[in-house]
1. Would you order His14, His124 from fewest to most other beta-carbon atoms within 10 Å of each residue's own beta-carbon?
2. Starting from one equal scatterer on each C-alpha and no solvent at all, send me the Debye-based log10 I(q)/I(0) for the stretch 12-130 at q = 0.20 Å⁻¹, two decimals.
3. If you plug each phi of the stretch 19-28 into the Karplus form 6.51 cos²θ - 1.76 cosθ + 1.60 with θ = phi - 60°, what whole-Hz ³J(HN,Hα) values come out, in order, with x for Gly and Pro?
4. What net charge do the residues around Pro22 carry, taking every other residue with its C-beta under 10 Å from that of Pro22, with Lys and Arg at +1 and Asp and Glu at -1?
5. Remind me, relative contact order of the stretch 12-130 in percent, using alpha carbon pairs under 8 angstrom and six or more residues apart?
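A short reminder: the numbers here are calculations on the coordinates, not readings from a lab. Just so it is clear, the structure is predicted and the values come from calculations on it, not from any experiment. Positions of Cβ are backbone-derived with ideal geometry, glycine not excepted, and every protein chain shown enters the neighbour counts.
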Amino acid sequence: MSDGARLFPQRFYHGTRADLKPGDLILPGYPSNYGSRKAAAYVYLTGTLEAATWGAELATGEARGRIYVVEPTGPIADDPNLTDRKFPGNPTQSYRSRDALRVTGEILDWQGHSPEALSAMKAHLDRLKSLGIEAIED
């Protein structure tokens, strides 16, 4: 076994407001949960509950936030929206893929951020939006 081999696969999460069930696929090409809601060229996933929590809380819509356990069906790459430019080394374990994510379960007992933290993050995102800064979709 090589030094880089893992005994257990990485667990990945996807935060959203969509109502999904095990076996469902999360596909690119649908309106993004963020920004101007353009069709997303990628689907996003993370290796941390913290990042998935932000995804669930910040996604557009009125439904409750949800965090799903997902497995990629194809290659994944570091998400440039949260890596390289903002957090070198990818400490948030944020990734994206042009291939579907398969829902394998749901995290039901996650804790959201405080109202103050959520308000501060939304204000930050509003500032970025007013500057014309949107997600990197290249």
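1. Fewest-to-most ranking of His14, His124: His124, His14.
2. These q points yield log10 I(q)/I(0) values of -1.23.
3. Running phi through 6.51 cos²θ - 1.76 cosθ + 1.60 with θ = phi - 60° gives 9, 10, 9, x, x, 5, 10, 9, 10, x Hz.
4. So the surrounding residues net to 0.
5. Reported relative contact order: 33 percent.
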